[in-house]
Every structure is written in structure tokens, then in C-alpha cells.
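Notes to accompany the following structure.
The values are calculated or read from the model by the stated rules, or taken from the named source; none is laboratory data. Quantities reported herein were computed from a predicted structural model and do not represent experimental measurements. Cβ coordinates were reconstructed from backbone atoms using ideal geometry, including for glycine residues, and neighbour counts include every protein chain displayed.
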Amino acid sequence: MPAAPPSHSSPHAPLSATAEVVIRRVSVAHGDDIRAIHTLAHKSWPVTFGPILSEAQLAYELETHYTEAAIVRQLHAGQQYALVFLPDAPTVPVGFCAWTIEPKYVVLHKLYLDPDIKGRGLGRALMAFVETQARHTDRLEVRLNVNRHNEGAIGFYKHLGFEALYEVDLPSGPFQRNDLVMAKALSADPKKVPFKLTEQVSGY
């Protein structure tokens, strides 16, 4: 389980302009990173979706999508993952995202942080990283699905420039996902984020 941030650093203090945020792509072969995703998902999902989903659906979604075997299958199927680290704890992953490159745009499938460190700007850092991947592949749009009852996440994405497109109800095993599809058009030149992003090779 990820360790708590060092006591000298407030878990909710925004990152400074000189902070260096490390983001690491996840390799199928690197089991520690896959285990970190599993651990972070099981820590963040109950906090995020506990007020929204039934206990049965919450357990089903975690068992279906966030076992280590499920994460490996997603990686083999083309879903790309990255982990993010606090500048003062560069060996402890505190969040992750996952995306795929589609013919016309990038789809963000997942973006979750350790609930203990929200508010520091790491979600924004992960989104900036995904947008960079989109530009590198000549995609100038990012799309995502968000639970339409998750007001905090919807507000976060709107703050980053996403707009609501339409609502959709999707089957998920014996359950149903009540989603809002959102999209963001990207400019060719990215806006500068207020800290330095450093990409690290998996396995370091």
C-alpha cells in the first residue's frame, strides 16, 4: 500500500511552480507498477464511488477491472497506463491514469489519485501528460466518460476545459453505468502547466 506523504509536506498543499512531477509509463513486464495500480484503485474507488454505487456494483467493478490480471489484459489490449509521484516522494506512486489512442481522438479511461493527496495538482499533471500523448499522435481531442452523479469529477474536468456532449447508460455485467460523455478540443500548442513534468521509464 502506498505510504503517506512525508510529514513535512502538507498532503493538500498545491505544488509549487518549481516542483518536478515524475510520471512513469507502466510496462506489462513491471509487476510493481501493476500492483500499485491495483492498490490505488482499491483505495480510491470506495471513496469516489461509495456514495454513488451500491456495495455490490463497487465490488463487481473492482473485481472486473482492477485485479492485477485484469490490468495486464488491458495493457496487452492497447490501453496505456501511467503513474504519478509526489516530488518529495519519487518512489511512491500516488495516482494513475489510462488512455487509448483512437483514430480521431484519445479516450481517457481512468484517472484516480490516492484520496490522501488530492488538491495538490497531480490530477492536472496526469491530464497534461495525456494531452501531450494526444498531440504526439496528431489527435487534437480528448474524450472521457464520467459517472454523471460524480459532481466533483465533472467539475474538475470542466475546469480543465472539457464540455459535456451527451448522457449514456452502459451495461456493466449485471449493473448499469450512468455516464456523461465529455470532450476537450486541444490546441496544437499546449498551455504551460505550473510545474515541470518528467517522464520516467518503467522499472527505475
Exercise for review: Mind listing whichever residues of segment 22-74 are out of contact with any Asp or Glu (no Cβ under 7 Å at 6 or more places or on another chain), assigned to a helix (DSSP H, G or I) and among the aliphatic types (A, V, I, L, M)?
Suggested key: 36, 37, 41, 47, 56, 58, 59, 62, 69, 70, 71, 72
Review point. Got a number for residues in segment 147-189 being free of Cβ contacts under 8 Å to residues at least 12 places away in the same chain and touching a Gly at 6+ places or on another chain (Cβ under 6 Å)?
Key: 0
Review point. Of the residues 68, 55, which single one is surrounded by fewer than 18 Cβ atoms within 10 Å (Cβ to Cβ), within 17 Å of the chain's Cα centre (by Cα), more than 19 Å from residue 179 (Cβ to Cβ) and among the charged types (D, E, K, R)?
Key: 68
Check your understanding: Quick check: is even one residue across segment 130-142 touching a helix residue (DSSP H, G or I) at 6+ places or on another chain (Cβ under 9 Å), of a type in the set (Gly, Ala, Ser), touching a residue at least 40 places away in the same chain (Cβ under 8 Å) and surrounded by 15 or more Cβ atoms within 10 Å (Cβ to Cβ)?
Key -> no
Point to revise | Odd one out for residue 103 among (1) free of Cβ contacts under 8 Å to residues at least 12 places away in the same chain; (2) closer than 24 Å to residue 46 by Cβ | key: (2)
Check your understanding: Given 53, 40, 62, which one is touching a Gly at 6+ places or on another chain (Cβ under 9 Å) and under 26 Å from residue 119 (Cα atoms)?
Key -> 40
Revision key, fill the gap. Only one of 69, 56, 36 is over 22 Å from residue 125 (Cα atoms) and in contact (Cβ under 8 Å) with a residue 40 or more places away in the chain, namely 56
Study note, to complete from the structure: Within segment 117-135, residues in contact with a Pro (Cβ under 9 Å, 6 or more places away or on another chain) and polar (S, T, N, Q) come out as 132
Check your understanding: In segment 154-204, which residues are modelled with pLDDT of 95 or more, among the hydrophobic types (A, V, I, L, M, F, W, C) and part of a strand (DSSP E or B)?
Key -> 164, 165, 168, 170, 175, 180, 181, 182, 183, 185
**Study point:** So residue 107, is it closer than 29 Å to residue 138 by Cβ and assigned to a strand (DSSP E or B)
**Key:** yes
Check your understanding: Looking at residue 61, is it surrounded by 15 or more Cβ atoms within 10 Å (Cβ to Cβ), more than 15 Å from the chain's Cα centre (by Cα) and of a type outside the set (Gly, Ala, Ser)?
Key -> yes
**Study point:** Residues of segment 99-126 classified as aliphatic (A, V, I, L, M) and closer than 21 Å to residue 166 by Cβ, total
**Key:** 4
